Amino acid sequence: MTLQRRYTLTQYLIEQRRRFPNASGDFNALLLDVALACKAIARSVAFGALEGGPGGVAASAPTQVNVQGEQQKPLDVISNDYFTQMTEWGGHLAGMASEEMEQPYQIPPPHQRGKYLLVFDPLDGSSNIDVNVTVGSIFSILRAPQAVIDSGRDVTEADFLQPGCQQLAAGYALYGPTTMLILSVGNGVAGFTLDPNLGQFMLTHPAIRVPEDTQEFAINASNARFWEPPVKRYVDECLAGRTGARGKDFNMRWIASMVAEAHRILMRGGVFLYPRDTKDIAMPGRLRLLYEANPIGFLMEQAGARVSTGREPLLQVQPEALHQRIGLIFGSKHEVERIERYHAEPPEHLDLAHPLFGERSLFREEMAL
Ligand code: AHG
Ligand code: MN
Ligand code: MN
């Protein structure tokens, strides 16, 4: 019998580092600390109501409202603490920012400060915790501005306002039937499955690619009356299925854990929309740019998928605030391109019902230009 050879996350990172002979190893050490935080969160999530003694953590810990105006679950707070505690000591970070912290987190003495910024959503989809449905953690690593590295000064909000294309690495951990870590260090996307006996993330999904075509979409349809016309048009066409402009049937999914939807799309394709809508004009979208949209967008692009606000490529967006929200559309390339095309067309000048603009029209490709 021959043993199946599997790489650990550590081995994968060492292999990746060979591309940069002068790398110090700080980056890999930081990623391993992030992975450790994810393992600790996975354990807390898996213990559920058993965590934290009689009554469970959900019953014992107080809940507060975070900067988003959302009720924090005890596990949101615990997960945030795992991230900060397990990454602050290594000397690799200049600072951190999180969904659960209004202000940037300063690396406290006696720890040394380093050259990276860590940005994270410690628990995405946490409304699913109480019903034992998949949640996850999302993270992004940026380089700190040179002035911060040179001076070791406290980080400010402005230091984090970098477009998504500048991310050095991004990933998420998924706490589902198995715990997985999906990671990109800018050289494709790799998926690891936690072996709970070894306590190690093992490489199980090398070189993840998203199919360019799909017949599956994900959107919260209860917001339909607030959608903008291009989104409404797209969803209507999907719903019309074989009898409509698309000429094929679509399937719909909504988990209400963006990280779980992203995982499904990385595994088998699909398109996800949480678009800008008119529900609350103070909120141009539901999801947060820096620690939800950008890291997922980075992974998608690295896997050959596409990510957009509908109007512009998401990873080009210049952030204006730490907790900024944005319209987000990602997934199978040809579907996202189609949705972008619908946004680019001036609907008032087009008779969209006209057969010239239908799926099989001669003019379809020209309209993309
Ligand atoms: P979080 O739990 O970090 O606040 O994020 C939840 C997000 C995202 O995961 C999900 O796609 C979306 O909120 C769900 O929104 P609806 O409640 O509108 O379905
Ligand atoms: Mn979230
Ligand atoms: Mn969250």
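Rule-based calculations on the coordinates, nothing more; no lab input. This one's a predicted model, so the numbers in the text were calculated from it and none came from an experiment. Neighbour counts are summed over all protein chains in view; Cβ atoms, including those assigned to glycine, are modelled from backbone coordinates with ideal geometry.
Working note: Cα gyration tensor of region 9-205, eigenvalues times five, square-rooted, sorted largest first, giving semi-axes of 27, 22, 14 Å. Peptides 262-270, 290-298 ordered by packing proxy, namely the average of other Cβ atoms within 10 Å per residue, highest first: 290-298, 262-270. Footprinting exposure proxy ranking of VAL119, VAL65, VAL133, VAL317, fewest other C-beta atoms within 10 angstrom first, gives VAL65, VAL133, VAL317, VAL119. Inter-label distance, ALA29 to ASP81: 2.6 nm, where each label sits 7 Å from its Cα along the C-beta direction. Label points 7 Å out from Cα along the Cβ direction at ARG311 and SER127: separation in nm? A separation of 2.5 nm, rounded to one decimal place. Neighbours of MET86, meaning other residues whose beta-carbon lies under 13 angstrom from its beta-carbon, give a summed charge of -1 when Lys and Arg score +1 and Asp and Glu score -1. Taking a point 7 Å out from the Cα of LEU36 in the direction of its Cβ, the residues of region 133-147 whose backbone N falls within less than 20 Å of it are 137-142.
Here each label is just a point 7 Å from Cα along the line to Cβ, and for ASN220 and THR243 those points are 3.0 nm apart. Taking all Cα pairs closer than 8 Å and separated by 6 or more residues, the relative contact order of the chain comes to 14 percent.
Hey, got the dipole for region 9-205? About the Cα centre, +1 on K and R Cβ, -1 on D and E Cβ, debye to the nearest 20?
Details: 10 positive and 19 negative charges, 144 e Å.
Dipole about the Cα centre, nearest 20: 680 debye.
Here's the list of lysines a cross-link from LYS39 could span, going by alpha-carbon distance under 21 Å and ignoring same-chain residues fewer than 8 apart: LYS73.
I need the calculated FRET efficiency for the pair ILE281 and GLN106, taking r as the beta carbon distance and R₀ as 41 Å, to the nearest 0.05. With R0 = 41 Å, the Cβ-Cβ based efficiency is 0.75. Only helices enter the 222 nm calculation for the chain: every DSSP H run of n ≥ 4 contributes -39,500 (n - 2.57), and dividing by all residues gives -8500 deg cm²/dmol, rounded to 500. Here the Karplus curve 6.51 cos²θ - 1.76 cosθ + 1.60, taken at θ = phi - 60°, turns the phi angles of region 172-178 into couplings of 8, 10, 10, 9, x, x, 10 Hz, with x standing for Gly and Pro. Counting only Cα atoms, the size of the chain along its three principal axes is 68, 58, 49 Å, in decreasing order. If you bin all the Cα-Cα distances of region 131-283 at 5 Å, starting from zero, the percentages per bin are 2, 7, 13, 14, 16, 14, 14, 11, 5, 3, 1, 0, 0. Cβ crowding within 10 Å ranks PHE226, PHE20 as PHE20, PHE226, fewest other Cβ atoms first.
Using the Cβ of GLN200 as centre and a radius below 10 Å, the other residues enclosed give a net charge of +1, where K and R count +1 and D and E count -1. In a fully extended conformation the segment linking CYS165 and GLN11 would gain 52.8 nm over its present Cα-Cα distance, using 0.36 nm per residue. Assuming R0 = 22 Å, what is the FRET efficiency of ILE149 and PHE20, from their Cβ-Cβ distance, to the nearest 0.05? Between ILE149 and PHE20 the formula returns 0.80.
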